[in-house]
Amino acid sequence: MKTMLKIHRWVSLICAVFLLLLTVTGIGLLFRREINAANTMNMMTTDGAMSIGEIWEGLTDGLERVGAAYSGKQIVAATPDAGSGTIYFRLGSGNKSEAAQLRMGGEQVMYDVRTGDMMSRKERKYRSKLVKDIMFKIHILHVQLGLGVAGRYFLTFMCFLSIIAIISGFFIYAPMMKGVRFGIMRRQSTRLYYSDMHKVFSVAAATFAGLLSVSALMIVAYSVGVADYREAAPVMAAEHYEAARADGGDEARIISAADALARAGAEHPDMVAISVLMPSAGDDFYIVQMTEPPKKMTNFMLGEMVFVPKDASTSAAPYLAPMPAWIKLASSALNLHIHSHDLFIQKIIWAVYLIFTVIMIVSGLMVHSTRWKNTVNKSAGRFVPDFKAPIWKVPITFAVLIIIGMTAPIWGGIGNIIGLIALTLPLVYLVGAIAMGVRMRKL
């Protein structure tokens, strides 16, 4: 007990400020899409969702129109957005590592396959540059502390410490809750009051914060693994094709991007294409990123690289560079961390849990501060222990419901409803338990 208490105290103190930073910035990032949309004066409107297959039918026209509109720039890659029925064309130098980032970074031209309308992200006009800059800073602080790769790994270590703090708190919870009914916050002293507050909101927030910390570790592992894969995949393809280069001088013999998609799709009919990378000078292949159909279209989709020979005269079949299974598993954390709150009401509930996490952290720091100054409230009366109060019933129930609430929306549809109900029930119980505790304290 004493050992676990020391571990919990000091590990929590080390990571508290940084976990608090991640929590506060996370609240801002929850509503980033809505804030950016409200702050953009010339946001291009679309007619809603389309299947990826339907979107790809507009690829050839999109390449021609975007190529003509941005004639001084090279189209590096194309990525469909099923949620809006658009294709994002990345303009750049043909750098493979950059193009593999799909719709992230660089100059992206949003093209509506239904209307032919297009707009570059660089052409956005903002109502407030300050709001735009603040949202960018929040993102940078959240993912890397503004310190680049070193900051990202530092925050990863802080997430690891937060997991240790949560686990150690699990071991000291029962001894500190003997005779105390969940929801009661005693006023006999400031230390006792903040200690009770910390326990109550830890029950509400620990599982939520723990899952986010675990998924953050998995996301960093994924980013490292997928970077290695993107370097290794062209080597695997070269070895597969015996490192032979196709004749690259005759443009008439180069297949179109639509043909490359068709060949990749015919070779892997059970998969969907989520991006196509155009061959630059000296390249032998189109690179089509393909994945198994997602559980819902707004989920993160991790594509394996399918190399399609660009030479129309070759009969060689497209080659899929196999991705290690552990990278696919790690990438699933992105859906839990980012894509399990598509609905606005889900974002509000997530924000409430993040606020509970803030209270958990701050109340823990307040408990530590009372080691030097603890005010005793003699007028509060004597606390009568309730030894029949269940200790683990509420924490276990909360943990199960929160896990369901955070994972069910990944499947979409009815999963969103199940997730909403599962996350709402602990909130209702928590409010009732605190209200009951206030009434009992007044008796």
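The values are calculated or read from the model by the stated rules, or taken from the named source; none is laboratory data. If you're wondering where the values come from, they're calculated on a predicted model, not measured in any experiment. Counting neighbours? That spans all protein chains shown, and the Cβs are built from the backbone with ideal geometry, glycine included. Side chains included, ligands, DNA and RNA excluded: accessible areas come from the protein's heavy atoms. Shrake-Rupley method; radii C 1.70, N 1.55, O 1.52, S 1.80 Å.
Listed values, structure above:
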{"read-out": "Residues being on the phi > 0 side of the Ramachandran plot and either open to solvent by 70 Å² or more (accessible area, probe 1.4 Å) or out of contact with any helix residue (DSSP H, G or I) (no Cβ under 8 Å at 6 or more places or on another chain) (or both) - total across the stretch 130-146", "value": "0"}
{"read-out": "Some residue of the stretch 43-61 being in a helix (DSSP H, G or I), among the hydroxyl-bearing types (Ser, Thr, Tyr) and at pLDDT 90 or above", "value": "yes"}
{"read-out": "Positions within the stretch 401-424 being open to solvent by 40 Å² or more (accessible area, probe 1.4 Å) and in a loop (DSSP other than H, G, I, E, B), in sequence order", "value": "413"}
{"read-out": "Meets criteria (without any contact (Cβ under 8 Å) to a residue 60 or more places away in the chain and assigned to a loop (DSSP other than H, G, I, E, B)) for residue 389", "value": "no"}
{"read-out": "Unmet requirement for residue 315, which otherwise passes all of (1) open to solvent by less than 50 Å² (accessible area, probe 1.4 Å); (2) of a type in the set (Gly, Ala, Ser); (3) without any contact (Cβ under 8 Å) to a residue 40 or more places away in the chain", "value": "(1)"}
{"read-out": "Out of 149, 214, sole residue that is modelled with pLDDT under 95, part of a helix (DSSP H, G or I), of a type in the set (Val, Ile, Thr) and open to solvent by 30 Å² or more (accessible area, probe 1.4 Å)", "value": "149"}
{"read-out": "Looking only at the stretch 116-129, and only at residues there that are loosely packed, with under 14 Cβ neighbours inside 10 Å and in a loop (DSSP other than H, G, I, E, B), the one that is farthest from the chain's Cα centre (by Cα)", "value": "116"}
{"read-out": "Meets criteria (over 22 Å from residue 63 (Cβ atoms), open to solvent by 20 Å² or more (accessible area, probe 1.4 Å) and in a loop (DSSP other than H, G, I, E, B)) for residue 281", "value": "no"}
{"read-out": "Condition check for residue 435: touching a helix residue (DSSP H, G or I) at 6+ places or on another chain (Cβ under 8 Å), open to solvent by less than 80 Å² (accessible area, probe 1.4 Å) and part of a helix (DSSP H, G or I)", "value": "no"}
{"read-out": "Residue in the stretch 287-310 that is open to solvent by 50 Å² or more (accessible area, probe 1.4 Å), farther than 30 Å from residue 217 by Cβ, outside any helix (DSSP H, G or I) and free of Cβ contacts under 8 Å to residues at least 40 places away in the same chain present", "value": "no"}
{"read-out": "Residues being farther than 24 Å from residue 35 by Cα and either of a type in the set (Phe, Trp, Tyr) or part of a loop (DSSP other than H, G, I, E, B) (or both) - total across the stretch 326-350", "value": "1"}
{"read-out": "Unmet criterion (only one of (1) within 30 Å of residue 231 (Cβ to Cβ); (2) touching a residue at least 40 places away in the same chain (Cβ under 8 Å)) for residue 67", "value": "(2)"}
{"read-out": "Conditions (1) closer than 30 Å to residue 383 by Cα; (2) out of contact with any helix residue (DSSP H, G or I) (no Cβ under 8 Å at 6 or more places or on another chain); (3) free of Cβ contacts under 8 Å to residues at least 24 places away in the same chain: number failed by residue 176", "value": "(2)"}
{"read-out": "Boolean, residue 258 is open to solvent by less than 50 Å² (accessible area, probe 1.4 Å) and more than 23 Å from the chain's Cα centre (by Cα)", "value": "yes"}
{"read-out": "Scope the stretch 385-400; condition open to solvent by 40 Å² or more (accessible area, probe 1.4 Å) and of a type outside the set (Phe, Trp, Tyr); matching residues", "value": "385, 386, 388, 390, 391, 393, 396, 397, 400"}
{"read-out": "Tally of residues being charged (D, E, K, R), within 20 Å of the chain's Cα centre (by Cα) and farther than 17 Å from residue 231 by Cβ across the stretch 289-321", "value": "3"}
